[in-house]
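Values in this text are rule-based calculations from the coordinates and carry no lab data. In this text, all values refer to a predicted model and were calculated from it rather than measured experimentally. Positions of Cβ are backbone-derived with ideal geometry, glycine not excepted, and every protein chain shown enters the neighbour counts.
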Amino acid sequence: MKPTLINPVYVCRACEWVYDDEDEAAECCMPGIDERYRCPICSSLSCSEAAAIACCAFDPEAPPPPPSAVELERAGQLRLIE
Ligand SMILES: [Zn+2]
Ligand SMILES: [Zn+2]
């Protein structure tokens, strides 16, 4: 098996709920499931890993982007809760 950069997700064909786990998706409404790949940048779903990578020109070799303002805020809130 080749290493994947993006883990596939599975979408129930009936209710379009997105599952990380193929078995859970298969047990949802049971008309079948579609495999999708989530763009690591904008989280939109694509039919293939290549399309998901191409979506926002995700570069798997690049260092992780600096945390966004929202993420920093979230981290700050977590610290307050703890
Ligand atoms: Zn369903
Ligand atoms: Zn995208």
Virtual spin-label span in nm between residue 77 and residue 62, 7 Å along Cα→Cβ: 2.6
Beta bridges per DSSP with both ends in the chain, % antiparallel, nearest 5: 100
Counting each DSSP H run of 4 or more residues in the chain as -39500 (n - 2.57), what helix-only mean residue ellipticity at 222 nm follows after dividing by all residues, to the nearest 500 deg cm²/dmol? -8500 deg cm²/dmol
For helix 69-81, report the angle its Cα long axis makes with the longest principal axis of the Cα atoms of the chain; keep it between 0 and 90° and round to the nearest 10°. 80
Expressed in nm to one decimal, what extension gain is obtained for the pair residue 46 and residue 19 from 0.36 nm per residue of sequence separation less their Cα-Cα distance? 8.3 nm
Radius ratio Rg over Rh of the range 8-74, counting only Cα atoms, Kirkwood formula for Rh: 1.09
Using modelled amide H (1.01 Å from N, peptide plane; none on Pro or chain starts), what sits under 5 Å from the amide H of residue 19, excluding residues fewer than 5 places away? 10, 11, 12
